[in-house]
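Q: The structure's right below; bear with me while I get my questions together.
FYI, it's all coordinate maths here, none of it is from the lab. Just so you know, these numbers come straight off a predicted model, no measurement behind them. Neighbour counts are summed over all protein chains in view; Cβ atoms, including those assigned to glycine, are modelled from backbone coordinates with ideal geometry.
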Amino acid sequence: MADKTPTPNQSTRKELTYIEKVWYTVAIVALLVVSVLIARVAFNVLLMVLAGSLIAVYFHGLGDIIERRTKWNRKICMTISVAGSFMILGALLWFMGTTIQGQIAVLNESLPGIVNNFKVKLGSSPLGAKVLEYFTGDNTDKLFATAQSFFSTSFGVLGNIYIILFLGIFFTTHPSLYKDGIIMLFPKNNKPLAKKVIERISLALKGWLKGMMLSMVLITIMLTTGLSIIGIPVALVLALITGLLKLVPNFGSLAAMIPGVLLALTKDLNTAIITALLYMVSQTIVSNIVTPLIQKKMINIPPALTIISQVIMGVVSGVLGIILAVPLLSILIILIDEIYVKKINPEESDDNNVGRHTVNAD
């Protein structure tokens, strides 16, 4: 007859009661929720680190140019790069501050009336009335709530700018300290791969930043000149807004055109059409000049993938996520290319266009 004496494990095992199972379940769910919230905050911090890295890339790029032109000591060139950038920015704000402030005041005063007139004209047509009906009442509240959460950041805009600037300065002063620290985290046999990945990411960020800055400067100059010739008020502010919104690919150009066209409608329909054409032509010219420059040092990213990444990053991290969606996507593609794609397809790694960079002299 078989011995039915329970084993030690069976005798010491304790069955959980229903209440205990419920509490265990609640604890697991709470832990998952807290983990997700911590991950989201940590991700926003990582985005600020990335933004600070871009500022450091700018300082080093400018320092490289000064060093090549003058043959001065590296530390002196970097000091000129950092201090000179802040001095130039301060001088521009000093000389243009009064003009910008006055034009912003005019824009704040005139824009509400322009929007109301636009609503009246839009409501005169059946299709326009349906559009206005959709954006009134509860839908308007939802729209503003979505926009408020969409453009919110973890520590506030000013706090984020403050942190990003100081991170950029710290990364500029001792770049090797942070780079070597990251490489030290990898095993000895993987250190060459880590160095290669960091070099590719640095080159990609430099190309993106150079392209964005050139785009912002060109579009601001072109629109300031064109809008002034057409006779649109507050041309400088409108051009600066467009230049800043160039940081947001695809959506930024469309959003920047709206206030300019609305102001042009106060004159007549023909002026509004000319203004819209000016925006589109200037965007096209800048894209045709700058896009090849970006593609020489950036990886080839499909446009649909760029839009998807912007939408996801906008929902997760607000406006900072939208601005950094493209460089973050570039970093992700480089990591996947180096860590995964080249390992499973080593014979195609040299011919693969994904992640390829071309180094050009500045």
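Q: Once label points are set 7 Å from the Cα along Cα→Cβ at both PHE95 and VAL217, what is their separation, rounded to one decimal in nm?
A: In this crude spin-label approximation the distance works out to 1.5 nm.
Q: Give me the one-decimal nm value for the distance between modelled label points at PHE251 and SER202, 7 Å along each residue's Cα-to-Cβ direction.
A: 3.3 nm
Q: Less than 15 Å Cβ to Cβ from ILE182, Lys/Arg counted +1 and Asp/Glu -1: what total charge do the surrounding residues give? It would help to have the intermediate numbers written out before the result.
A: Values: positive: LYS179, LYS188, LYS191, LYS195, LYS196, ARG200; negative: ASP180, GLU199, GLU338.
Net of charged neighbours comes to +3.
Q: Of the cross-linked pairs LYS75/LYS188; LYS206/LYS246; LYS188/LYS210, which ones have a Cα-Cα span greater than 27 Å in the structure shown?
A: Going by Cα-Cα distance, LYS75/LYS188; LYS188/LYS210 fall outside the 27 Å limit.
Q: How much net charge surrounds VAL57 when only other residues with a Cβ under 11 Å from its Cβ are counted (Lys, Arg +1; Asp, Glu -1)? Don't skip to the end; give the middle numbers.
A: Details: positive: LYS206, LYS210; negative: ASP64.
Taking every other residue near VAL57 into account, the sum is +1.
Q: Please work out the Cα center distance from region 25-68 to region 187-219, rounded to the nearest Å.
A: Going from one Cα centre to the other spans 16 Å.
Q: How much FRET efficiency would the formula 1/(1 + (r/R0)^6) give for LEU277 and TYR18, where r is the Cβ-Cβ distance and R0 is 51 Å, rounded to 0.05? Let's see the in-between values first.
A: On the way: r = 71 Å, r/R0 = 1.39.
Using R0 = 51 Å, I get an efficiency of 0.10.
Q: Please compute the length gained on full extension between LYS71 and VAL26, using 0.36 nm multiplied by the number of residues separating them and subtracting their Cα-Cα distance.
A: Details: separation 45, 0.36 × 45 = 16.20 nm, distance 6.51 nm.
Difference between extended and current length: 9.7 nm.
Q: Modelling each spin label as a point 7 Å along the Cα-to-Cβ direction, I'd like the ASN270/LEU185 distance in nm, to one decimal.
A: Result for the modelled spin labels: 6.2 nm.
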